[in-house]
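Here is the structure we will look at.
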Amino acid sequence: MFYQILALIIWSSSFIAAKYAYATIDPALMVGVRLLIAALLVLPVCRRYIGKIPRREWKPLLAVSFISYVFTLMLQFIGLKYTSAASASTIVGLEPLLMVFIGHFFFNDKARAYHWICGAAAFAGIALLMVGGAEAGGEVGWFGCFLVLLAGIGFCTAVRPTQRMIARIGAPAFTSVSIAAASLMCLPFSLALAQSYTVHWSWQGVVSLLYLGVGCSWYAYWLWNKGTGSVPANVSGLLISLEPVVGVLLAVLILGEHLSPVSSLGVFVVIAATFAAGWLSHRDAESGHAV
């Protein structure tokens, strides 16, 4: 469990690092550089597996890679430019519930009544977050939060196809080849969506870029996968529910962001609803296993 907790802490800090990187480079370019750094790290493994992937697997692999990395990261980090890190972390906290609802409508994984109740509560919390706004350290922007929400929907849509892909070709092959492919697919979008090509060099920006590429895009995934073998899937789901807690705390402590009391209540409602849904799912799974 230690490995997965550490991975979640690293992922939770990605919005903080991105805010520092924005002083150096445009968000769209930053995503491209981040993926390029990660691709260079996985290149030796990628070369080992790329010739072993069957031809029929390439089209779904590229589609899943595009959605999981290019689509998701572009929308997340462009959206982050227009809102606070605390609000973006809260929106990301909806992903466990989004996963359930997408499974219900598109993958025949039926949601339970408590999922709908918790989902309604979570979206009510998002409404409170939007209405309350921020007191200092960055505004809570509707447009930014909307883009982060779209990114979450894209990511959750790709999870099940990704799992099936990994079962067919193996995790090392998928991880290395998908990151390498995503770095190439991302390049035209980075160039097209960038509002500025000027790079303002600073040591904070360079360190942030390296942290995003090495820490968040490679090392955190390695830690998470290492812990997956010894941590039950339902426990992993509960741990994911804690990611926005860490993200909001880091935004307050490091960036000095402060939400209004109404927005803080919204954050609490979102986190509580997501954690409750995860806990109830965990209890259901244990009951089913016992039966």
Exercise. Does the stretch 60-83 contain any residue that is open to solvent by less than 30 Å² (accessible area, probe 1.4 Å), modelled with pLDDT of 95 or more and among the aromatic types (Phe, Trp, Tyr)?
Worked result: yes
For this session: Report, by residue number, each residue of the stretch 123-151 that is outside any helix (DSSP H, G or I) and open to solvent by less than 50 Å² (accessible area, probe 1.4 Å).
Result: GLY133, ALA134, ALA136, GLY137, GLY138, VAL140, GLY141
Problem set entry | Looking only at the stretch 162-203, and only at residues there that are open to solvent by 70 Å² or more (accessible area, probe 1.4 Å), assigned to a helix (DSSP H, G or I) and hydrophobic (A, V, I, L, M, F, W, C), the one that is nearest to GLY103 (Cα to Cα) | ALA167
Exercise. Can you pull out the residues in the stretch 208-224 that are open to solvent by 80 Å² or more (accessible area, probe 1.4 Å) and not aromatic (Phe, Trp, Tyr)?
Worked result: LEU210
For this session: Give the number of residues within the stretch 18-48 that are open to solvent by 60 Å² or more (accessible area, probe 1.4 Å) and not basic (Lys, Arg).
Result: 7
Exercise. Looking at PHE106, PHE101, PHE77, which is the one that is aromatic (Phe, Trp, Tyr) and closer than 30 Å to SER208 by Cα?
Worked result: PHE77
Seminar exercise, completed: In the stretch 152-199, anything over 25 Å from LEU43 (Cβ atoms), under 20 Å from the mean Cα position of the chain (by Cα) and among the aromatic types (Phe, Trp, Tyr) is listed as none
Exercise. Taking SER236 and the conditions (1) small (Gly, Ala, Ser); (2) under 30 Å from LEU61 (Cα atoms); (3) at pLDDT 80 or above, which numbered condition does it fall short on, given that it satisfies the others?
Worked result: (3)
Exercise. Would the stretch 111-122 turn up any residue that is basic (Lys, Arg), out of contact with any strand residue (DSSP E or B) (no Cβ under 9 Å at 6 or more places or on another chain), free of Cβ contacts under 8 Å to residues at least 24 places away in the same chain and open to solvent by 40 Å² or more (accessible area, probe 1.4 Å)?
Worked result: no
Problem set entry | Matching residues in the stretch 73-102 - criterion: being under 11 Å from the mean Cα position of the chain (by Cα) and of a type in the set (Gly, Ala, Ser) | ALA88, SER89, GLY93
Exercise. Within the stretch 246-291, can you find the residues that are more than 23 Å from the chain's Cα centre (by Cα), open to solvent by 40 Å² or more (accessible area, probe 1.4 Å), modelled with pLDDT under 90 and of a type in the set (A, V, I, L, M, F, W, C)?
Worked result: ALA290, VAL291
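The values are calculated or read from the model by the stated rules, or taken from the named source; none is laboratory data. Since this is a predicted model, take the numbers as computed values, not measurements. Neighbour counts are summed over all protein chains in view; Cβ atoms, including those assigned to glycine, are modelled from backbone coordinates with ideal geometry. Accessible surface areas use protein heavy atoms only, side chains included; no ligands, DNA or RNA. Shrake-Rupley method; radii C 1.70, N 1.55, O 1.52, S 1.80 Å.
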